[in-house]
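Here's the structure, in structure tokens; my notes come after.
The values are calculated or read from the model by the stated rules, or taken from the named source; none is laboratory data. Being a predicted model, the structure only gives us computed values, none of them experimental. Ideal geometry is used to build each Cβ from the backbone, glycine not excepted, and the neighbour counts take in all protein chains shown. Areas reflect the complete protein model, heavy atoms only, side chains present, ligands, DNA and RNA absent. Shrake-Rupley method; radii C 1.70, N 1.55, O 1.52, S 1.80 Å.
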Amino acid sequence: MTSVCRLLVASSLLVGMIACGSPDPSSSPGEPSTEVAEAGWLVEVGRATGLDFVHQDGRSGRRHYVETVASGGGWWDYDDDGDLDLYLLNGAATPGSDLESTPRNALFEQRDGRWVEVTTEVGVGDEGYGMGLCIGDIDGDGRPDLFVTNYGPDRLYRNLGEGKFEEISAAAGVDGGAWGTNCAFADLDLDGDLDLYVSNYVEVDLENAPQCQDPARGFASYCRPLAFDGQGDYLYLNRGDGTFEEAARSRGIHQGLDDRGFGVVISDLSGDGAPDILVANDGTLNRFYVNDGRGHFEDQSLLAGLALSGDGLAESGMGLDVGDIDGDGLLDLAVTNYSFESHTLYLQRADLFFEDRTVESGLEADSYLQVGWGMQLFDIDNDGDLDLAVANGHVLDNIDELETGIGYAQPNQLWINDGEGTFKDASAEAGAAWTTAKVSRGLAVGDFNDDGRLDLMVTQTNGHPDLFENRLETGNHWVGFQLVGPPSNRLALGTRLTLRRGEELIGIGEVRSGGSFLSQNDLRLHFGLGASTEPLKAHLLWPDGRHQVAVVEEVDRYLTLNYESEP
């Protein structure tokens, strides 16, 4: 369902605008229309528009632990035609499985609002046990490359242009071999090219895996993560010649046997221009690696208050996201966790010190029994503050025999922010398609139809992915930005954009690779504006430290902002 857009060409930093579907002027700002509210805000449109994909975790009945995690997916414009495409990860057969066909990952190209699978002709159909993905440009040619994490060797697909890719992970030195989960590209050592961080989970040999039982009843169940040793994460530094050097230990990354890495976000939390690394660990301390500005890192997770919950507990971190939740100009953190823990909300107070405000935010009670995975902070109603969506689904396929009132399939959840960091559960208003109980894992946000209302893609274990079109009508305004970076980083990864209306802060956005859980979000930055259409200023801090300012005089459109070599 592609909207009609018109391209307006300007000059200098502001190089183009795409004007798309304006809000319904008959709707009063801030209030959903009755018709849309009754139908639900989030409408599943994937299968009706050709998104024909079914995930398979390859289970054999032996409850191999790898089956509990998979798999994710995400948005990217692989062919640079101006609209978003979708890449979906698949599993693989485990020992004892009777799968009749070999699962593989799939790429769906968007064509006039429909999804057409182009996996074979493009050359990205990996058949490994797929986990997650992230997008980057490893060679500075301006074309987005694709990294895929697996249980087993990871895959790097270099974009050759004209819709073709080649797999180069071994030649590039990034094939790994551990159980890779999340990943992110960023210029971590600030030398101009993109490096790569990969979180690794636990050490599991499927051929000799332990068989676990419920201690009280004695029947078989999936093992708990503490039954396995963790694996160290990878930090790959780009040599600038198409190859990478693994340098985690030498650069201060100390993930080890006590760390079971899941979610990864690379964000400049302090605003000093140096990207920091956040890792959500499953059952052990979360990690916050602070960059010294030269690509060396110090673990400040305990000092910053991010390692543990406010109760001093190491939680089962899965997915995470960063954003200014309470509108104070400081970036905050949200993490999804296991049942009986709730999700955790950390608000930054000052100087990289964070406070657990989960209870005060209203998230604790609503998320206490769920197992959360993919998470995204985004403005679903364009009112100017960040709302929260979480993909839920339990790990144990027989949890109903172990715990009363908890199911394997669980409904997803959506919380609306009041603008000060307090959330209200609006899942029911979002619609039955959103709250149908499923075993969800990945969650990625992107405006696939360019109408200024952010849509969501959610992956399901052993099921179809859900593509939720956002049909919420509020009359609120918005603006989006496509950033074009310097020659070595045309995707502008790591760029921070601070949007202001006079002295009023509207929001802070960063262009990020990876994120959520096993997922990739739309690389464009989106800001809800509420009822106002007044002029704005976009303050940009590029990864090389250059500051620029762009005046935004028209809203309800996507603007292209281009890096300038001269200040």
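Just one of Asp324, Asp328, Asp311 is among the acidic types (Asp, Glu) and crowded, with 19+ Cβ neighbours inside 10 Å; which is it?
Asp324
Show the residue pairs that are 6+ apart or on different chains and have beta-carbon atoms under 6 Å apart, the first residue being within region 93-113 and touching a residue at least 12 places away in the same chain (Cβ under 8 Å), the second being assigned to a loop (DSSP other than H, G, I, E, B) and among the β-branched types (Val, Ile, Thr).
Leu107/Val118; Leu107/Val124; Glu109/Val118; Asp112/Thr2; Gly113/Thr2
Mind telling me which of the residues Ala106, Ala172, Ala92 ends up being crowded, with 22+ Cβ neighbours inside 10 Å, in contact with a strand residue (DSSP E or B) (Cβ under 9 Å, 6 or more places away or on another chain) and closer than 21 Å to Val204 by Cβ?
Ala92
Output the residues belonging to region 549-567 that are within 12 Å of Leu497 (Cβ to Cβ) and surrounded by fewer than 17 Cβ atoms within 10 Å (Cβ to Cβ).
If the condition is that a residue be within 12 Å of Leu497 (Cβ to Cβ) and surrounded by fewer than 17 Cβ atoms within 10 Å (Cβ to Cβ), then Val549 is the only one that fits.
What residue, among those in region 407-426 that are open to solvent by less than 10 Å² (accessible area, probe 1.4 Å) and not in a strand (DSSP E or B), is nearest to Asp328 (Cα to Cα)?
Among residues in region 407-426 that are open to solvent by less than 10 Å² (accessible area, probe 1.4 Å) and not in a strand (DSSP E or B), the one nearest to Asp328 (Cα to Cα) is Gly421.
How do the pairs read when you match residues in region 433-457 that are aromatic (Phe, Trp, Tyr) with residues anywhere that are in a strand (DSSP E or B), using Cβ under 7 Å and keeping only pairs 6 or more apart or on different chains?
Going by the 7 Å Cβ cut-off, the qualifying pairs are Trp434/Leu42; Trp434/Leu414; Trp434/Phe468; Phe448/Gln110; Phe448/Asp455.
Scan region 413-426 and report the pairs whose first residue is among the hydrophobic types (A, V, I, L, M, F, W, C) and whose second residue is in a strand (DSSP E or B) and open to solvent by 30 Å² or more (accessible area, probe 1.4 Å), with Cβ atoms within less than 8 Å and a gap of 6+ or a chain change.
Listed by first residue and then by second, the contacts come to Leu414/Asp425; Trp415/Lys424; Trp415/Asp425; Ile416/Lys424; Phe423/Ile416; Ala426/Ile416.
If you check Tyr151, Tyr87, which single one turns out to be assigned to a strand (DSSP E or B) and either farther than 23 Å from Ala172 by Cα or open to solvent by less than 10 Å² (accessible area, probe 1.4 Å) (or both)?
Among Tyr151, Tyr87, only Tyr87 is assigned to a strand (DSSP E or B) and either farther than 23 Å from Ala172 by Cα or open to solvent by less than 10 Å² (accessible area, probe 1.4 Å) (or both).
Please enumerate the residues belonging to region 299-308 that are open to solvent by less than 30 Å² (accessible area, probe 1.4 Å), in contact (Cβ under 8 Å) with a residue 24 or more places away in the chain and outside any helix (DSSP H, G or I).
Gly305, Leu306
Which of the residues spanning region 174-185 are part of a strand (DSSP E or B) and either in contact with a helix residue (DSSP H, G or I) (Cβ under 8 Å, 6 or more places away or on another chain) or on the phi > 0 side of the Ramachandran plot (or both)?
Answer for region 174-185, where residues must be part of a strand (DSSP E or B) and either in contact with a helix residue (DSSP H, G or I) (Cβ under 8 Å, 6 or more places away or on another chain) or on the phi > 0 side of the Ramachandran plot (or both): Gly176, Gly177, Trp179.
Looking at (1) under 16 Å from Gly317 (Cβ atoms); (2) outside any loop (DSSP other than H, G, I, E, B); (3) open to solvent by 10 Å² or more (accessible area, probe 1.4 Å), find the lone condition where Asn281 falls short.
Here Asn281 meets the rest and fails (3).
Within region 65-84, work out how many residues are over 18 Å from the mean Cα position of the chain (by Cα) and either of a type outside the set (A, V, I, L, M) or open to solvent by 10 Å² or more (accessible area, probe 1.4 Å) (or both).
Number of matching residues: 8.
Based on this model, can you work out whether Asp112 counts as over 19 Å from the mean Cα position of the chain (by Cα) and modelled with pLDDT under 95?
Answer is yes for this residue.
Do you know which of the residues in region 284-298 that are in contact with a helix residue (DSSP H, G or I) (Cβ under 7 Å, 6 or more places away or on another chain) and assigned to a strand (DSSP E or B) is least open to solvent (accessible area, probe 1.4 Å)?
Taking the candidates together, the pick is Phe288.
Just to be sure before I move on: is Asp276 closer than 20 Å to Asp544 by Cβ, in contact (Cβ under 8 Å) with a residue 12 or more places away in the chain and open to solvent by 50 Å² or more (accessible area, probe 1.4 Å) in the structure I sent?
Here the answer is no, as Asp276 does not meet what is asked.
Would you call Glu341 in contact (Cβ under 8 Å) with a residue 60 or more places away in the chain and crowded, with 16+ Cβ neighbours inside 10 Å?
no
Run Pro210 past the list (1) in contact (Cβ under 8 Å) with a residue 60 or more places away in the chain; (2) under 30 Å from Tyr338 (Cα atoms) and report the number of the one that doesn't hold.
All conditions pass for Pro210, except number (1).
Within region 195-231, how many residues are open to solvent by less than 30 Å² (accessible area, probe 1.4 Å) and not in a strand (DSSP E or B)?
Here the count works out to 10.
Run down Ala444, Ala437, Ala430 and say which single residue is more than 25 Å from Glu534 (Cα to Cα), open to solvent by 10 Å² or more (accessible area, probe 1.4 Å) and modelled with pLDDT of 95 or more.
Result: Ala437 is the single residue among Ala444, Ala437, Ala430 that is more than 25 Å from Glu534 (Cα to Cα), open to solvent by 10 Å² or more (accessible area, probe 1.4 Å) and modelled with pLDDT of 95 or more.
If a residue must be in contact (Cβ under 8 Å) with a residue 60 or more places away in the chain and more than 18 Å from Ser488 (Cα to Cα), how many such residues does region 135-162 contain?
Adding up the residues that qualify gives 2.
What is the number of the single condition among (1) acidic (Asp, Glu); (2) within 17 Å of Asp522 (Cβ to Cβ); (3) open to solvent by 40 Å² or more (accessible area, probe 1.4 Å) that Asp451 does not meet?
For Asp451, the exception is condition (3).
Among (1) surrounded by 19 or more Cβ atoms within 10 Å (Cβ to Cβ); (2) assigned to a loop (DSSP other than H, G, I, E, B), which single condition is Gly142 missing?
Every condition holds for Gly142 apart from (1).
Yes or no, residue by residue, for (1) in a strand (DSSP E or B); (2) free of Cβ contacts under 8 Å to residues at least 60 places away in the same chain; (3) touching a Leu at 6+ places or on another chain (Cβ under 7 Å); (4) small (Gly, Ala, Ser):
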| position | (1), (2), (3), (4) |
| --- | --- |
| Ala334 | yes, yes, yes, yes |
| Leu345 | yes, no, yes, no |
| Arg349 | yes, yes, no, no |
| Glu360 | no, no, no, no |
| Glu364 | no, yes, no, no |
| Gln370 | no, yes, no, no |
| Met375 | yes, no, yes, no |
| Ile380 | no, no, yes, no |
| Asp383 | no, no, no, no |
